[in-house]
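Nothing in this text is a laboratory measurement; each read-out follows from the coordinates by a stated rule. All figures in this text were calculated on a predicted structure; none of them were measured in a lab. Note: ideal-geometry Cβ built from the backbone for every residue, glycine included; neighbour counts use all protein chains shown.
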């Protein structure tokens with residue numbers, strides 16, 4: 001790999017504890033690929049032998065219902081694991097959802113069998129790898145809360161509190177689709193939160209004024 005690619009790998013959170021020799025070994029069993037916006041990385045219900053991490057860009061996880069409608073699940077941001085790991089004893093990975101890119105992106109692709117052999121089986125990166133798996137599990141937990149427990153106010157409050165940067169980055173229409181609420185409902189919720197002095201809105205950008213009461217909205221549901 002090019003020296004810039006080596007540095008990109010070293011700067012990733014999950015690999016930050018590796019020494020130079022270990023990073024070189026990791027790069028020997030890996031490749032870095034560029035993907036254009038809207039490109040599909042993988043399809044649901046398929047198997048893969050590659051462990052994938054998003055180095056740069058933004059991806060989304062989604063499913064397709066029986067009417068061929070896209071059901072948004074969650075976003076995957078840079079410095080995060082793209083692959084879904086449900087059983088570390090298997091030598092392949094099963095794709096729970098479709099993954100596509102919402103902007104030009106760069107992906108680190110690692111031979112999963114060799115990754116297990118040279119790292120996990122040698123008790124290297126175990127803690128970091130499990131943290132990535134737990135992080136993905138937390139996304140699914142948030143998804144369940146969002147879709148089956150939270151009302152529109154709680155949905156918006158949780159997203160603002162947990163990922164303000166993403167909220168301000170996306171268009172309001174995209175946020176509405178993501179949260180499965182009407183754009184008019186999103187506007188009413190934002191106006192209500194501003195009126196209650198929980199958030200402020202300046203030139204379309206949200207800022208948190210009262211984090212405590214923002215958290216109460218969704219944590220007490």
Got a sec? How would 220, 24 order by Cβ neighbour count within 10 Å, fewest to most? 220, 24
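With an 8 Å Cα cut-off and a minimum separation of 6 or more residues, compute the relative contact order for region 3-133 in percent. Let's see the in-between values first.
On the way: 246 pairs, mean separation 44.3, N = 131.
Relative contact order comes out at 34 percent.
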Counting each DSSP H run of 4 or more residues in the chain as -39500 (n - 2.57), what helix-only mean residue ellipticity at 222 nm follows after dividing by all residues, to the nearest 500 deg cm²/dmol? -12000 deg cm²/dmol
Computed over the chain: longest principal axis from alpha-carbon atoms vs helix 152-162 long axis, angle to nearest 10 degrees, is 50 degrees
Contour minus end-to-end for residue 10 and residue 137, with contour as 0.36 nm per residue of separation and end-to-end as the Cα-Cα distance? 43.3 nm
Between residue 21 and residue 171, what is the spin-label point distance in nm, taking each point 7 Å from the Cα along the Cα→C-beta axis? 5.3 nm
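Quick one: length gained pulling residue 121 to residue 38 fully straight, 0.36 nm per residue minus the C-alpha distance?
So the extension gain works out to 26.3 nm.
If you average the sequence gap of Cα pairs under 8 Å that are 6 or more apart and divide by the length of the chain, what percent do you get for the contact order? Spell out each step's value before the answer.
On the way: 326 pairs, mean separation 42.1, N = 221.
Across the chain, relative contact order equals 19 percent.
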